[in-house]
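Here the structure comes first, spelled out in structure tokens, and everything after it is commentary.
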Amino acid sequence: MSDDYSFDILLVEDNPADADLTREGLQDGRLLHTLHHVTDGVQAMQFLRREGAFTSAPTPDLILLDLNLPKKDGREVLATIKGDAELKRIPVVILTSSEAESDIVRSYDLHANCYMCKPVDLSRFLDTVRKIEEFWLTVVRLPPRSTK
Amino acid sequence: MTREPFDILLVEDNLADAELAREGLQDGRLLHTLHHVTDGMQALEFLRKQGPFAKVPTPDLILLDLNLPKKDGREVLAEVKTDPELKRIPVVVLTSSESETDIVRSYDLHANCYMCKPVDMARFIETIRKIDELWLTVVVPPPRRR
């Protein structure tokens, strides 16, 4: 991968404070990236399908997905992404405050790539985001970008 | 939350690589049991608790090589991820293959992530530690079935 490779991360998060923390955590990492932020499940799907306001959106390299979202629930978004032949290969990290066993099980059954709980503590939240970034963007081999 | 020891299933036919994986995991902080099988048929027998594997636990994580004897890792992945009982188990593909076809196909088959085995021993161990660090400490795994 060339040195100027910039990752596109789609953050689907309706809580502005959590979104800011995520942005901050990613900025602390060393990696060049663009964070695309949408605040509900309908926007998430529009972004991924390049519809409406998002016709020029890139295909993200990684999706950070909250479960409790307005308009279209994160669980439905996950099911839609992982049921779509074009989108299913994009890694989806569930990043949610829900610790419910039913959510954990259902997310993995729907093929979420991994499930992570948002720590309440600020510095642990940042640390979690950094670990996500480090693992998914440097250690893991991501699906190659399709040229579009 | 104190966890019971993690059960990891390593599906790896190369004994040297298996030893490195074992070493890398032992360096980690978490109590775990490493179960090692050396071909794809054994992997599925283990997961289905068949034959000599009647009493094995359901693993919390599977480390899966792609190039395996008897039953290829790509087929094992497909079978695991379409089985309603097994599909929720995280599968980390850990392979020497850097082929784009393998990467794309693995993700399309719902591998949780894809990692290339470094040739360098120290980097291999480091990769295993990173898997350990994320998957065994930060990620919330699917709850164990009893």
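For segment A:126-148, taking the residues that are among the hydrophobic types (A, V, I, L, M, F, W, C) and more than 10 Å from chain B (Cβ to nearest Cβ), the one that is farthest from the chain's Cα centre (by Cα) is identified as A:Leu126. Exactly one residue out of A:Arg75, A:Arg50 is surrounded by 15 or more Cβ atoms within 10 Å (Cβ to Cβ), without any contact (Cβ under 8 Å) to a residue 40 or more places away in the chain and over 11 Å from the mean Cα position of the chain (by Cα): that is A:Arg75. Of everything in segment A:90-125 that's β-branched (Val, Ile, Thr) and over 15 Å from the mean Cα position of the chain (by Cα), which residue is modelled with the lowest pLDDT? My answer is A:Val120.
For segment B:51-59, check the following and say yes or no: at least one residue is outside any loop (DSSP other than H, G, I, E, B), in contact (Cβ under 8 Å) with a residue 24 or more places away in the chain and surrounded by fewer than 23 Cβ atoms within 10 Å (Cβ to Cβ). Within segment B:51-59, none of the residues are outside any loop (DSSP other than H, G, I, E, B), in contact (Cβ under 8 Å) with a residue 24 or more places away in the chain and surrounded by fewer than 23 Cβ atoms within 10 Å (Cβ to Cβ). Looking for something free of Cβ contacts under 8 Å to residues at least 24 places away in the same chain and in a loop (DSSP other than H, G, I, E, B) - is there at least one such residue anywhere in segment B:26-35? Checked against the condition, which is being free of Cβ contacts under 8 Å to residues at least 24 places away in the same chain and in a loop (DSSP other than H, G, I, E, B), segment B:26-35 yields no hits at all.
Only one entry in B:Thr101, B:Thr137 is more than 7 Å from every other protein chain (Cβ to nearest Cβ), surrounded by fewer than 13 Cβ atoms within 10 Å (Cβ to Cβ) and in a helix (DSSP H, G or I), namely B:Thr101. Answer yes if at least one residue in segment A:62-70 is closer than 21 Å to A:Gln43 by Cα, at the interface with chain B (Cβ under 10 Å from one of its Cβ atoms) and β-branched (Val, Ile, Thr), and no otherwise. The answer is no, given that none of the residues of segment A:62-70 is closer than 21 Å to A:Gln43 by Cα, at the interface with chain B (Cβ under 10 Å from one of its Cβ atoms) and β-branched (Val, Ile, Thr).
Counting only residues that are charged (D, E, K, R), buried (at least 17 other Cβ atoms within 10 Å of the Cβ) and within 11 Å of another protein chain (Cβ to nearest Cβ), segment B:75-89 holds 3 of them. Of B:Leu94, B:Leu47, B:Leu61, all but one fail to be among the aliphatic types (A, V, I, L, M) and farther than 19 Å from A:Arg141 by Cα; the exception is B:Leu47. Scanning segment A:87-114 for residues that are more than 10 Å from every other protein chain (Cβ to nearest Cβ) and surrounded by fewer than 18 Cβ atoms within 10 Å (Cβ to Cβ) turns up A:Leu87, A:Ser97, A:Ala100. Just one residue in the set B:Val80, B:Val104, B:Val56 is among the aliphatic types (A, V, I, L, M), more than 16 Å from the chain's Cα centre (by Cα) and more than 20 Å from B:Asn14 (Cβ to Cβ); that residue is B:Val104.
For segment A:90-97, indicate whether the set of residues that are of a type in the set (A, V, I, L, M, F, W, C) and in contact (Cβ under 8 Å) with a residue 60 or more places away in the chain is non-empty. Checking segment A:90-97: at least one residue is of a type in the set (A, V, I, L, M, F, W, C) and in contact (Cβ under 8 Å) with a residue 60 or more places away in the chain.
When B:Pro69 is tested against (1) out of contact with any helix residue (DSSP H, G or I) (no Cβ under 7 Å at 6 or more places or on another chain); (2) closer than 21 Å to B:Gly28 by Cα, only condition (2) is not met. Among the residues of segment B:104-134, those identified as assigned to a helix (DSSP H, G or I), at pLDDT 95 or above and within 7 Å of another protein chain (Cβ to nearest Cβ) are B:Val104, B:Tyr107, B:Asp108. When you check B:Leu47 against the structure, is it within 12 Å of the chain's Cα centre (by Cα) and away from chain A (no Cβ under 14 Å), yes or no? It is true that B:Leu47 is within 12 Å of the chain's Cα centre (by Cα) and away from chain A (no Cβ under 14 Å).
The values are calculated or read from the model by the stated rules, or taken from the named source; none is laboratory data. Bear in mind the structure is a predicted one, so any value in this text is a computation, not a measurement. Note that we place each Cβ from the backbone using ideal geometry, even for glycine, and neighbour counts take in every protein chain shown.
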